[in-house]
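The next block holds one structure in the form of C-alpha cells; read it before the comments.
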Amino acid sequence: MTGQRIATRAAACAAVALLAVTGGTVGTVAQADDDIESLPAQQIADRSRDALLDVGSLQLRARGDLGKDRSPMTVDLGLDRSGNCAGGVDLGEGKGKVEIIKHGDSVWVKPDADFWENQVPVGGSTFESVLAGRYLKGSASDSRLRPVVDACDLDTFQKLVSDNADSNAGTFTKGKVTTVDGVRTVPVTRTLHGQELTAYVDTGGENRPVRITVRGDGADAVVDFSAFDKPVPTATPSADDTVDVSAVLGRGPAQS
C-alpha cells in the first residue's frame, strides 16, 4: 500500500527530531532549581531529553527536507502514549495530502485527489472512486496499516530517545538565548553525520525542546513541539464517512 510509505516517511521525520536531542551521556543531570541558561550545553541537552521522555502527549509539526532523497514535506500530528493521534502529512508541491486519525484499535486515513494521482498512478483513480472523499478505515492490528500505527505512537519515538541515550556522538555547543514562537529558549547544537542539529530548549517550566532544526547533507528541516500533555482530539469519522480497508485492498493478513 503506497500509504504505508507516506506514513513511514512521517515516522522517519519525527524520529530524526527526537534523536536530535539525545544526550551523549546519562550521568548527573542538573537539578530543576538550577538556572538552565548558565548550564553547560550537554546538561541542557540531557535535561531537555529527560523532559521529553516524561511527556504524555504532544503536538509535533515537522516541515522541510530531511535529505536522503526525501522531498520537502510537512508532518503535523498530535500524539500520545496510548497510541492515539490526529493530524496529517502534506507531501508538498501538489503531491498530495493524507489525513490520519487513530483512536483505540481503529485507524482512519484519507488521501486527497493529488495523492491518488501522484502517488498511485496505477489504480489510484479506482481507489479514489471507491472512497469518494471518505476515510479508509482499518484495524490497528492490520499489518498493512502498521506504519501508520507506528507513526501515531509517541512511545515509539520516546523509545528511540531512550535507546540512544548512551550514544556518545558529537559534542554540544550552547548558543545565545533566543525567542521561538514567544518562548524564551536556549539553543544547543551538535554536528552528527554531516548534519547540524539544534534544539531550542525552553528556559522555563519543564525545559522541554520547543523546536529542532536539521541542516546540512541535503537536509533543511524544522520540527516544532507544542501542546505538551494536552489530550489528543478524540473525534472520529462517522460510519457514513468511512470505507473498510478490505473493500479497497481486499482481506489481507489481519495481524502484524
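The values are calculated or read from the model by the stated rules, or taken from the named source; none is laboratory data. Here the structure is a predicted model, which means the values were calculated and not measured. Cβ placement follows ideal geometry from the backbone for every residue including glycine, while neighbour counts extend to all protein chains displayed. Remember, those area values only see protein heavy atoms, side chains included, never the ligands or the DNA or RNA. Shrake-Rupley method; radii C 1.70, N 1.55, O 1.52, S 1.80 Å.
Given the structure, is residue 195 open to solvent by less than 20 Å² (accessible area, probe 1.4 Å), of a type outside the set (A, V, I, L, M) and modelled with pLDDT under 90?
On the way: open to solvent by less than 20 Å² (accessible area, probe 1.4 Å): no; of a type outside the set (A, V, I, L, M): yes; modelled with pLDDT under 90: yes.
In short, no.
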Original post:
Hey, residue 100 hits all of (1) open to solvent by 20 Å² or more (accessible area, probe 1.4 Å); (2) touching a helix residue (DSSP H, G or I) at 6+ places or on another chain (Cβ under 7 Å); (3) within 20 Å of residue 80 (Cβ to Cβ) but one; which does it fall short on?
Top reply: (1)
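Would region 160-182 turn up any residue that is in contact with a Phe, Trp or Tyr (Cβ under 8 Å, 6 or more places away or on another chain) and at pLDDT 75 or above? Lay out the reasoning, then the answer.
Taking region 160-182 and keeping what is in contact with a Phe, Trp or Tyr (Cβ under 8 Å, 6 or more places away or on another chain), we get 178, 180.
Filter once more, keeping what is at pLDDT 75 or above: 178, 180.
Checking region 160-182: at least one residue is in contact with a Phe, Trp or Tyr (Cβ under 8 Å, 6 or more places away or on another chain) and at pLDDT 75 or above.
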Subject >> Subset of region 102-155 (residues that are under 19 Å from residue 73 (Cβ atoms) and either part of a strand (DSSP E or B) or among the basic types (Lys, Arg) (or both)) >> reply: 109, 110, 111
Subject >> Boolean, residue 45 is part of a helix (DSSP H, G or I), within 30 Å of residue 89 (Cβ to Cβ), small (Gly, Ala, Ser) and modelled with pLDDT of 85 or more >> reply: yes
Original post:
Looking at region 228-244, is at least one residue modelled with pLDDT under 90 and surrounded by 14 or more Cβ atoms within 10 Å (Cβ to Cβ)?
Top reply: no
